[in-house]
1. Considering the stretch 50-94 alone, what residues qualify as being in a loop (DSSP other than H, G, I, E, B), charged (D, E, K, R) and either open to solvent by 30 Å² or more (accessible area, probe 1.4 Å) or in contact with an Asp or Glu (Cβ under 9 Å, 6 or more places away or on another chain) (or both)?
2. What number of residues within the stretch 95-133 satisfy the criterion of being within 9 Å of the chain's Cα centre (by Cα) and open to solvent by 70 Å² or more (accessible area, probe 1.4 Å)?
3. If a residue has to be open to solvent by 80 Å² or more (accessible area, probe 1.4 Å), of a type in the set (Gly, Ala, Ser) and modelled with pLDDT of 85 or more to count, how many in the stretch 1-46 make the cut?
4. I'm checking my understanding of the structure. Among residues of the stretch 156-178 that are in contact (Cβ under 8 Å) with a residue 24 or more places away in the chain and over 26 Å from residue 121 (Cα atoms), which one is most open to solvent (accessible area, probe 1.4 Å)?
5. Do you know which of the residues in the stretch 186-202 that are open to solvent by 100 Å² or more (accessible area, probe 1.4 Å) and in a helix (DSSP H, G or I) is modelled with the highest pLDDT?
6. Tally time: how many residues in the stretch 62-75 are charged (D, E, K, R) and touching a Lys or Arg at 6+ places or on another chain (Cβ under 7 Å)?
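The values are calculated or read from the model by the stated rules, or taken from the named source; none is laboratory data. It should be emphasised that the depicted structure is a prediction, and the values quoted were computed from it without experimental measurement. We place every Cβ from the backbone using ideal geometry, glycine too, and count neighbours over all the protein chains shown. These area figures cover heavy atoms from the full protein model, side chains too; ligands, DNA and RNA do not enter into them. Shrake-Rupley method; radii C 1.70, N 1.55, O 1.52, S 1.80 Å.
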Amino acid sequence: LSTLIKVPRQDTPTNIEQRAAQQLKAGDGAGALRSYAALLHAVAAEHSPRECGLRISLLEAARLRFVWQADEPRLDALADSLLTRLEQPAAGAECTERAVALLLELSTAQHRAEHPLLSKARLDKLTARYQRLLKLPLQSEPATQLRYLLAEAQDLRGNYCAAAPSYDTVVAETRDESTKRSAAGQAVQAWQQCLYPAWDESFERLRFLTE
């Protein structure tokens, strides 16, 4: 955070927080990022609801600052920092709910923006984040959304035997019919690749010989 802190010494925490909120509302991601970083630097050791809220605001500012850079390392670092905060026993329900919603929104945007051209390193990073998030106490809807993202990441990594049951869970849990149909189709393909990895090649060869 120290590299982001460039605020006048005469500023009070109240002034900085007001300015940060105004900067975020005005679309000044860079300014809001510096302001929230300064605030968080002052309260980072508190582990309070206010400190947790500032971490959420800091990530929101970073999203705005790096809106066209989905793979920006600083954005990932702040997301990981917020997730680490949620994994601590002191994280409250309200903080967890708000933070999970933001992390889900960010992860979905990163996942969809690069899909299906995600690199292995990127897939590994996103997969690890989804798995960590799913260990938190979640509402049913975000949990299902995360499982779908995890299934797709496992699928793209070629881990079909992990992706298939993940898709099945999504089919069983989701109330959205479009998602249910898509996940069901992906589950069939993943199970086929898991159980019969040479099926497609053998089928094409048999068809060629019999034509």
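1. Hits for the stretch 50-94 are 71, 87.
2. 1
3. Count: 1.
4. That would be 173.
5. The qualifying residue modelled with the highest pLDDT is 189.
6. 1
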